[in-house]
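Quick notes on the structure that follows.
Taken together, the values in this text are just the output of simple stated rules run on the coordinates, not laboratory data. Everything quoted here is computed from the prediction, not taken from an experiment. A quick note on method: Cβ atoms are made from the backbone with ideal geometry, for glycine too, and the neighbour counts reach across all protein chains shown.
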Amino acid sequence: MTLPVVLSFAALAFIALLALLWSRWPAWLKGLLVVGVTAFYFFANDVVHSVWGWPSSDALPARFVLLAAVIEEPSNKTPGALFVWVNALEDGKPAAQPRAYRLAYAKDLHALLNEGLKKVREGVSQYGTSEPKVGKGGMSWLRPGNDEQAVKLRDLPSPQLPEK
């Protein structure tokens, strides 16, 4: 962890320690404070890991360039996953930094990514689009980033050079 994050955790723990030792709070409230600070630590740890290069479980960008993918097929012990490294396209230009995403395993998406990776290895850049799958009912706002997506890949057109 970087120094500011470590110092923030230390300050929070110090304030909690002061409240536990010198406050006149009832024991149940002090116990609630300990549980709350502990839960906050694990929540913050998860958030920090999602920012620091670990694959994000957020939805893929609407338009992107496929850079790489790793496919973890399902087994008896794991449900499988698709790890995709993409560079988002914003206003027709690539984002400053690429991002890794973790997608739920699906056979059709596995096959699509395999074909796309073959073309990337041959030097043909792959342009991708993603949009939420239609017909998914319920309260999707309770599951941010975990909604199923329809992903499509196609060859990125070669840039047209201006005439001399």
* Packing-based exposure ordering (other Cβ within 10 Å, fewest first) of Asp46, Asp58 -> Asp46, Asp58
* **Approximate spin-label separation Phe43-Glu148, in nm, with each point projected 7 Å along Cα-to-Cβ** => 3.1 nm
* Structure fact -> Under the Karplus relation with 6.51, -1.76 and 1.60 and θ = phi - 60°, whole-Hz ³J(HN,Hα) for the stretch 72-86, x at Gly and Pro, equal 10, 6, x, 9, 5, 9, 10, x, x, 7, 10, 9, 10, 10, 10
* To do: Compute the acute angle (0 to 90°) between the alpha-carbon long axis of helix 27-51 and the principal axis of greatest extent of the alpha-carbon atoms of the chain; round to the nearest 10°.
  => 20 degrees
* **Global form of the stretch 1-86, assessed from the alpha-carbon gyration tensor, a/c cut-off 1.5** => prolate
* Asked: Could you give the angle, 0 to 90 degrees to the nearest 10, between helix 107-121's Cα long axis and the longest principal axis of the Cα atoms of the chain?
  -> 60 degrees
* To do: Would you mind checking the tilt of helix 3-22 against the longest principal axis of the Cα atoms of the chain, expressed as 0 to 90 degrees and rounded to 10?
  => 30 degrees
* Asked: Contour minus end-to-end for Val51 and Glu73, with contour as 0.36 nm per residue of separation and end-to-end as the Cα-Cα distance?
  -> 5.4 nm
* **Cα-based Lys proximity count in the stretch 63-155, under 18 Å, for pairs eight or more positions apart or on separate chains** => 7
* To do: With Rg and Dmax of the Cα atoms in Å defined as stated, name the option among (1) 46.6, 155; (2) 22.2, 81; (3) 16.4, 49 computed from the structure displayed.
  => (2)
* Would you work out if the stretch 63-155 is rounded, prolate or oblate? Take a ≥ b ≥ c from the square roots of the eigenvalues of the alpha-carbon gyration tensor; rounded if a/c is under 1.5, else prolate when a/b is larger than b/c, oblate otherwise. => oblate
* **Shape category assigned to the stretch 3-51 from the gyration tensor of Cα positions, a/c cut at 1.5** => oblate
* How much length, in nm to one decimal, is gained on full extension between Trp28 and Thr129, taken as 0.36 nm per residue of separation minus their Cα-Cα distance? -> 31.2 nm
* Sequence-distant residues sharing a close amide H with Ser57 (under 5 Å, placed H) -> Arg102
